[in-house]
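The values are calculated or read from the model by the stated rules, or taken from the named source; none is laboratory data. No experiment lies behind these values; they were computed from the predicted model shown. All accessible areas refer to the heavy atoms of the entire protein, side chains included, with ligands and DNA or RNA removed. Shrake-Rupley method; radii C 1.70, N 1.55, O 1.52, S 1.80 Å.
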Amino acid sequence: MTIRATELHDPKESNVPSVEFQFVKADFIDAYQLRAAPTRRRWMLLLMSVLVLAAAIFMCSREISWTIVAVAFISVGGALGALAEFHVYVPWRARRDFAKSPLAHLEHTFTLLSEGITIQNARGSISRLQWSDFLSWRTNKRTTLVFLSPTILIHFPARLAGSGFPVDRLKVELSRALGPAF
């Protein structure tokens, strides 16, 4: 992901690659799973919840062994429920939403510019988004999510790099404009 500054501000902006692609179910599953993955804030909230739960159980029972057993059972049950949600419900929901979303089945064109991103679909509608239009971003090795609001996002599958889209440059520009990914 090392890119020189001259590559980021290329004066030949018209030569920036545009990539035409069509989303597939796997893209939606990757995006939904990244969106659902816990952040550091969620992990801290979960840890605090377990500690409060342990304190409440200890206050009621006054036996440390009962507190440990109860918190362990509740924690294991919660972890199994979270795993089921992440690996069963989230992919099911992604496949369902992909099937019900007609715009997801259209061919899209992404163009990365120094001032932002241009998105066009097969119906001809064009959106030109500046870096200041985005709130935050999140990435992993399979996809990059860019948030326009807390609930509206654009996802860039990593497979776009194979088609010539500068995904690394996108991440550098997002990092420069919005700070590090959360």
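What the table below lists for this structure:
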quantity	calculated
Crossing angle, helix 90-100 versus the chain [Cα axis fit, 0-90 degrees, rounded to tens]	40
Taking all pairs of distinct alpha-carbon atoms in the stretch 85-155, Kirkwood radius in angstrom	13.9
Choice from H87, H105, H155 showing the highest fluctuation, given a GNM over the chain with Cα pairs closer than 10 Å	H87
Residue-level accessible surface for K25, protein heavy atoms, 1.4 Å, Å²	100
Within the chain, helix-based [θ] at 222 nm, where runs of 4 or more DSSP H residues each add -39,500 (n - 2.57), nearest 500	-14500 deg cm²/dmol
Projected area averaged over orientations for the chain, convex hull of C-alpha atoms, nm²	13.0
The stretch 28-182 - percent relative contact order, Cα under 8 Å, separation 6 or more	19
Area accessible to solvent at I126, 1.4 Å probe radius, in Å²	110
Relative contact order (%) - the stretch 24-99, alpha-carbon pairs under 8 angstrom, separation at least six	55
The chain, accessible surface, carbon-and-sulfur percent (1.4 angstrom probe)	63
Linear extension gain, S132 paired with F73, 0.36 nm per residue minus alpha-carbon span	16.6 nm
Where the stretch 13-161 is the region considered: accessible area per residue in Å², 1.4 Å probe	61
